[in-house]
Amino acid sequence: MSGTHKGEVVLVTGAGRGIGQAIADAHAAAGAAVLYLDFDPALAKSAAEAAISKGWKAKALSANVGEPAAVEAAVAEGVAAFGPVTALINNAGISPKSGSKGGKAPVWEMGAAEWGQVLDVNLSGAFHCIKAVVPGMMAAKRGSIVSISSVAGKTYCDIVGVHYAATKAAIIGLTKHLAGELGPYGITVNAIAPGRIDTPLMRGTVSAANEAVKAITPLQRFGTPEEVAATALFLTSNASRFVTAQVIDVAGGWLMT
Amino acid sequence: MSGAFDFSGKVLVLTGAAGSIGAAIARAYLALGGSCVLTDLSQTALDGLAKDLNTPDRVLTVQHDVTSPEAANAVVEAAIQRFGRIDHLVTGAGLYRDATVATMSDAEWRQSIAINLDGVFYCCRAAAAHLEPGGAIVNIASLAGQRGSKDHGHYAAAKGGVLSLSRTLAWELAPDVRVNAISPGLIEGPMVQPLLAARGPALMAQTPLGRLGTAEEVAKATLFLLSDWASFITGESLQVNGGLYMT
C-alpha cells in the first residue's frame, strides 16, 4: 500500500510510542506527511527521527492535548510545515494505575484530580484536536477523523478505572455525533475499539489479567500495534469514504462488543 | 503490513457474484492477484460477468442455487478441484422483496429465509473444513439486519440471523479463520430503486454523507476484512452506510 496516502497530512496524537507510533509509521510508510505529536517532546522527537531515517516525511510536535492553546500552537506549527491536516488520529490517552493494590484505583479510592486529568487528556484532548483541524477539512470538503476508543468503553474491563472507561465511551458518542455534523462536508468520523494490544500500557498491568483475556479471545492471542494501525490506515484511505460513524473492534473477537 | 492487500495465490469463493456488489468484489479481488470461484443462480449472468472480467485463467463460474445444501458442497468441490485451495468465502447472494409481515405468505417467508439465511449456512458449512489457515469469511448482511426494515421482515430477520451466525462462526473457526460481516446501507444499483422512488430525498437527508454508496465501496470494505490488514478483527460487523444508521 505504499503511496496510497501520498498528499495526505496526518496528525497522530500520542505518537511517541506504542499504538500511536505504529499508526503514525503506517501512514508515513504509505506516503503521508505525518505529524508525530506527543506530550513527551523526547518521545515525539525520537519517533519522528526514526521515521525520517527511513525516508518518510515526518515532524515532531509536542503538546498536552488537554490544553487547547497548546494544541492550537502545535497544529499551527505542523500546518506551517506540511499544509492543512487531512486526517487526524486521536490516540493520546492515559490510564492511571494508582490503586492501593497496585492496579487501577477503584471508584472509592479515586481522587477527583485523577478523574479530571483522565477526562482532560482522553476526552477533551480529542475535542481540542478536532477543533484545531476541522476548519481546514471543512474548507477542503474532505477529511478523516479516527479516534481510539476501547473495548473498555463498550463493556466492563476490570483492569481499567472508571475514568478511562467513561472517556472511551464518550469517544464513541463524540464520533457518532460528529459523523452527523461533519458528514455534509465530506468528512468521515470513525473510532477503533482495540482489545488487548501488546503495548507498554498493557505491560503495565498484571500479567494474570492479560492471560485471562487471551483465554476468552477467539483468536487466542494479543493484538499488535500494527494491527490497530492497519485499521486506522483503512479508515483514512480512499477505500473507506462511505464508512462513517463506525466503531470497529480490533480485539480478536474478545467480548464481541 | 506491506503487501497485505495482495491476494496473489489466494482463492475466493463468492456467491451472488453477478449482482452489482458481487461483481465489484470479484473485480477488485482479481485486480489484486487472486483467483475467484464465482457462483450465481443465473449461468447466463455469470457468462456475461466472466466475459467482462476477461481473466479466464483465474476465474471459475458455477451455477448455484444457494438454497441447496448439495449445491454448496459441489461449489466447494469444484473450487478445490480447479484451484486446489480456498482462502476466502464471501456470501453475497440475496433476495430483497417487499411484503409486510401482516400480509406475507408462508412461501414468501420461506423463500427469503432459504436464500438469505439457509444459503449462508450451507456455504459456510461446506467451506469451513476447507478454508486455509489464515483464511477469512465475510458474510454480506445488511442495514436491515442491524435495525429491522419496514416492509421487509423476512429479509431483515434473515440478515439479523447472518450477523449472529457470523459471530458464532468467529468463535467456532478461530483461531485459524476469521469471520466478519459487512452491512451495506443504500448502495447504487437496481435493488434500491423502489426505495429511492418512494422516499429518496428523505433518505438522503438522513445520510450524513448525503449520497448513495457504490458497489466498489462495499467491495473495498469486504477486501479489507479479508486481508491481513484485518488480522485481529473477527466477529465484527462493519456498516458501509454513509452514517445513515449509527447504532
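Read-outs: derived from the displayed coordinates by stated rules, not from any lab. Bear in mind the structure is a predicted one, so any value in this text is a computation, not a measurement. Glycine gets a Cβ as well: all are built from the backbone with ideal geometry, and neighbour counts include every protein chain shown.
Rounded to the nearest 10 degrees, what's the angle between the helix A:18-29 long axis and the longest principal axis of chain A, both from Cα atoms, 0 to 90?
Taking the Cα atoms of chain A, the angle to A:18-29 is about 20 degrees.
From the helices alone, meaning DSSP H stretches of at least four residues, give me the mean residue ellipticity at 222 nm for chain B, per-run term -39500 (n - 2.57), in deg cm²/dmol to the nearest 500.
After summing the helix terms and dividing by the residues of chain B, the value is -13500 deg cm²/dmol.
Provide the FRET efficiency to the nearest 0.05 for the B:Leu196-A:Ser207 pair, computing r from the beta carbons and using R0 = 56 Å.
Result of the calculation: an efficiency of 0.55.
Which semi-axis lengths, in whole Å and largest first, follow from the square roots of five times the eigenvalues of the Cα gyration tensor of the range A:36-114?
In descending order, the three semi-axes are 32, 16, 10 Å.
Please give the FRET efficiency for B:Ala128 paired with B:Leu203, using the beta carbon to beta carbon distance and R0 = 51 Å, rounded to the nearest 0.05.
The formula returns an efficiency of 0.85 here.
Helix B:43-53 versus the longest principal axis of chain B: what is the Cα-based angle in degrees, 0 to 90, to the nearest 10?
Roughly 70 degrees between the two axes.
Using bins 20 angstrom wide from zero, how does P(r) for the protein assembly as shown break down, in % of all Cα pairs?
Per 20 Å bin, starting at 0, the Cα pair percentages come out as 24, 54, 21, 1.
For A:Lys154, go through the aspartates and glutamates and keep the ones whose alpha-carbon is under 16 Å away, minus same-chain ones fewer than eight residues off.
Partners within reach: A:Asp249, B:Glu236.
Rg over Rh of chain A, using C-alpha atoms and the Kirkwood radius, what does it come to?
0.95
From zero up to wherever the largest Cα-Cα distance of the range B:11-235 sits, split into 5 Å bins and tell me the percent of pairs in each.
1, 7, 15, 19, 21, 17, 11, 6, 2, 0
Considering only Cα-Cα distances, which of the following residue pairs are longer than 21 Å: A:Lys97/A:Lys131; A:Lys104/A:Lys168; A:Lys54/A:Lys141?
A:Lys97/A:Lys131; A:Lys54/A:Lys141
Loop-only chymotrypsin sites (Phe, Trp or Tyr not before Pro) in the range A:98-153, please: DSSP not H, G, I, E or B, and at most 13 other Cβ atoms within 10 Å.
When the chymotrypsin sites (Phe, Trp or Tyr not before Pro) of the range A:98-153 are filtered for loop state and at most 13 Cβ neighbours within 10 Å, A:Trp108 remain.
Tell me the label-point distance for the pair B:Gln63, B:Asp176, using the 7 Å Cα-to-Cβ offset, in nm and rounded to one decimal.
Once both label points are built, they end up 3.4 nm from each other.
222 nm [θ] for chain A, helices only, -39500 (n - 2.57) per DSSP H run of 4+, per residue, to 500?
It comes out at -13000 deg cm²/dmol, rounded to the nearest 500.
May I ask you to list the trypsin sites (Lys or Arg not before Pro) in the range A:60-115 that are in a DSSP loop and have at most 12 other Cβ atoms within 10 Å of their Cβ?
Sparse-neighbourhood loop trypsin sites (Lys or Arg not before Pro): A:Lys101.
How many nm separate the modelled label positions at A:Lys101 and A:Glu114, each set 7 Å beyond the Cα in the direction of the Cβ?
Inter-label distance under the simple model: 1.4 nm.
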